[in-house]
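Q: One structure coming up, written as structure tokens, with questions to follow.
The values are calculated or read from the model by the stated rules, or taken from the named source; none is laboratory data. Quick caveat, the model's predicted, so the values are computed rather than measured. Note that each Cβ is placed from the backbone with ideal geometry, even for glycine, and that neighbours are counted across all protein chains shown. The accessibility values were calculated without ligands, DNA or RNA, using every heavy atom of the protein model including side chains. Shrake-Rupley method; radii C 1.70, N 1.55, O 1.52, S 1.80 Å.
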Amino acid sequence: MPNLGFGSLLLIVFAALLIFGPTKLPELGKAVGNSLREFKSATKGLADDDDEDKKKEEK
């Protein structure tokens, strides 16, 4: 995965402002943040379930 420089990030933000507008951008950011939080908790839950299964097998 290539590294994004400051110029690339600035171009992405500018394009997002043009596409979504300044009023929708905070709502979109909040939705993305909530989705990432849910995904992270779901993957953590799966990892915890795997750990519990391994502990049961050891007994």
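Q: Being part of a helix (DSSP H, G or I), in contact with a Leu (Cβ under 8 Å, 6 or more places away or on another chain) and either polar (S, T, N, Q) or modelled with pLDDT of 85 or more (or both) narrows it down to one residue among 17, 36, 9; which is it?
A: One residue alone meets the criteria, 17.
Q: Taking only pairs six or more apart or across chains, which ones have beta-carbon atoms under 6 Å, a first residue in region 18-37 that is open to solvent by less than 70 Å² (accessible area, probe 1.4 Å), and a second residue that is aromatic (Phe, Trp, Tyr)?
A: Note: pairs meeting the criteria are 28/20.
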